[in-house]
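Q: Before I ask anything, let me first share the structure, which is written out below as structure tokens.
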Amino acid sequence: LVQYVVLTEDGNASDDAVLLDDDTVQGASAGTVRIQARLAEDAAVTPAEQDYILTMPTTPVTVSAVQSLTLANGITTLQKDPVQVQVNLQLSNGRLLPDIFAAASPAAAPTAIDVWGQAMRNLVALEVSQPPVAAVDSSTGLVRPLANSPGPIELEALVSGDGSAADVRRTLSIFCNLLPLDGDVDVGPAAEQGAGPPHPAVVGVGSLLSLPVSVNTAGLPLGSYDLSIFVDSNLVTLQDVTRDHSGGSMDWNAELLPSGVLDIAVSGFVPGAGLQGSRVALFTLHFVTRQVGALLAVEGTINVLKQTGSAAPIGPGPAGRPFVAGAVLVPLLDENGSVLSPGVDANTLARRSLMAAPPEELVLFPSASSSSS
């Protein structure tokens, strides 16, 4: 029922601005215009003090800088849920647009910052350096993890310039370290905010590499487990597997497959009430590095996860399902500390590595099997 009229400052019809879609003013040239609001059934002019004076600048206002690029709450490691990107833009007229991806409260009328922020979102393109590892939505500013990353990946906010302005951008280094969901197995240290990759880099030939293995029991008591872990025998030698859960027993056996993949089978039994939790420590794999300057792919399958005193399984899916959070890439660096960036997700690279040709020499293990009770 409200109509808007665009006039010159002295009240005459204006050609300096055009009213579009009843609520948008587009400037045709520099100058000052007066906007009046009138009821549709009343042609009477509203009092001048209710008019809105709008100045069309002679110099276009552009984005001069992406002042800051962060993730909500200072998060640097993506674990499971999407995280909100926070972008602050600096305009050429000195104005700051804070957190342009923040949604205006539906219960409150949008502020001028909200309106500007919504318009600026269309100017900002968000990208990640490794799309298979993380995905970002430029319309909402949400970034979510898809796989584990062996090192940092780059999140970029870009505002493309035109004839009157240059491109402006800012990047942020983030990590993806997936949390194990119900019935999934994780490899590496606990994923915590700011924890970085699933496992820190290992430097130099002959270095010790310890990989803890844990499980999310989905709130159910774990009574027994049988897991298979696969690694490239060209890159590491298995030293030992040690039990991390109290009570019960654990057995393991390592078999070198014709492809050169080392198949480590680990099974265990937990007596009494069993173990339960989102991250129950099962055992730790101990390796010594044989080669460096490469990424060690660690992959596994869940053969058995059973509840205490029952044959009922824990977790969805059939036996033999692959690790998700536990599919990791461990950087084995030389003394120069080179960081490799594979550009593919951990699952893909792990399977590619585990299908490699047989090694030229057989790896000798200190012990073919062991037991811990």
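The values are calculated or read from the model by the stated rules, or taken from the named source; none is laboratory data. From a predicted model like this one, the values you see are computed outputs, not experimental measurements. Here Cβ is always computed from backbone atoms with ideal geometry, including for glycine, and neighbour counts include all displayed protein chains. Please note that ligands, DNA and RNA were not included when accessible areas were found on the heavy atoms of the full protein model with its side chains. Shrake-Rupley method; radii C 1.70, N 1.55, O 1.52, S 1.80 Å.
Q: For Leu282, indicate whether it is more than 26 Å from Asp334 (Cα to Cα), touching a residue at least 60 places away in the same chain (Cβ under 8 Å), touching a His at 6+ places or on another chain (Cβ under 7 Å) and not basic (Lys, Arg).
A: Spelling it out, Leu282 is indeed more than 26 Å from Asp334 (Cα to Cα), touching a residue at least 60 places away in the same chain (Cβ under 8 Å), touching a His at 6+ places or on another chain (Cβ under 7 Å) and not basic (Lys, Arg).
Q: Restricting to the stretch 294-324, name every residue that is in contact with a Ser or Thr (Cβ under 8 Å, 6 or more places away or on another chain), closer than 11 Å to Leu222 by Cα and open to solvent by 40 Å² or more (accessible area, probe 1.4 Å).
A: Result: Val304, Lys306.
Q: Could you give me the residue pairs with C-beta distances under 6 Å whose first residue belongs to the stretch 205-217 and is farther than 8 Å from Asp186 by Cβ, whose second residue is in a loop (DSSP other than H, G, I, E, B) wherever it lies, and which are 6+ apart or on separate chains?
A: Val205/Val292; Thr217/Gln276; Thr217/Ile314
Q: Restricting the search to the stretch 218-249, which residues are closer than 29 Å to Lys80 by Cβ, in contact (Cβ under 8 Å) with a residue 24 or more places away in the chain and hydroxyl-bearing (Ser, Thr, Tyr)?
A: Residues satisfying the conditions are Ser224, Tyr225, Ser228, Thr242.
Q: State which residue is most open to solvent (accessible area, probe 1.4 Å) when the search covers only the stretch 263-279 and only residues that are more than 10 Å from Val215 (Cβ to Cβ) and assigned to a strand (DSSP E or B).
A: Going through the qualifying residues, I end up with Phe269.
Q: Can I ask one more? Here are the criteria: (1) surrounded by fewer than 21 Cβ atoms within 10 Å (Cβ to Cβ); (2) more than 19 Å from Asp334 (Cα to Cα); (3) of a type outside the set (D, E, K, R). Tell me which single one Gln291 does not satisfy.
A: Every listed condition holds for Gln291 apart from (2).
Q: To continue, here is another question. Looking at the stretch 215-237 only, could you name the residues that are assigned to a strand (DSSP E or B), open to solvent by 10 Å² or more (accessible area, probe 1.4 Å) and of a type in the set (Gly, Ala, Ser)? If you could, list the steps in order and put the result at the bottom.
A: Within the stretch 215-237, the subset assigned to a strand (DSSP E or B) is 215, 222-232, 236-237.
Those still in the list that are open to solvent by 10 Å² or more (accessible area, probe 1.4 Å) too: 224, 226, 228, 230, 232, 237.
Within the stretch 215-237, Ser224, Ser228 meet the criteria.
Q: When both residues are 6+ apart or on different chains and their Cβ atoms are under 9 Å apart, which pairs have a first residue that lies in the stretch 162-185 and is without any contact (Cβ under 8 Å) to a residue 24 or more places away in the chain and assigned to a loop (DSSP other than H, G, I, E, B), and a second that is of a type outside the set (Phe, Trp, Tyr) and buried (at least 20 other Cβ atoms within 10 Å of the Cβ)?
A: Asp167/Val159
Q: List pairs: first in the stretch 298-319 and closer than 18 Å to Asp263 by Cα, second hydroxyl-bearing (Ser, Thr, Tyr) and assigned to a strand (DSSP E or B), Cβ under 7 Å, 6+ apart or cross-chain?
A: Listed by first residue and then by second, the contacts come to Gly300/Ser228; Thr301/Ser228; Asn303/Ser228; Val304/Ser224; Val304/Tyr225.
Q: In addition: Step by step: first the residues of the stretch 232-277, then only those that are farther than 23 Å from Gly293 by Cα and of a type in the set (Val, Ile, Thr), then the one that is modelled with the lowest pLDDT. Which residue is that?
A: Val270
Q: Follow-up. Would you tally the residues in the stretch 136-161 being assigned to a strand (DSSP E or B), more than 21 Å from Gly326 (Cβ to Cβ) and in contact with a strand residue (DSSP E or B) (Cβ under 7 Å, 6 or more places away or on another chain)?
A: Of the residues in that region, 9 qualify.
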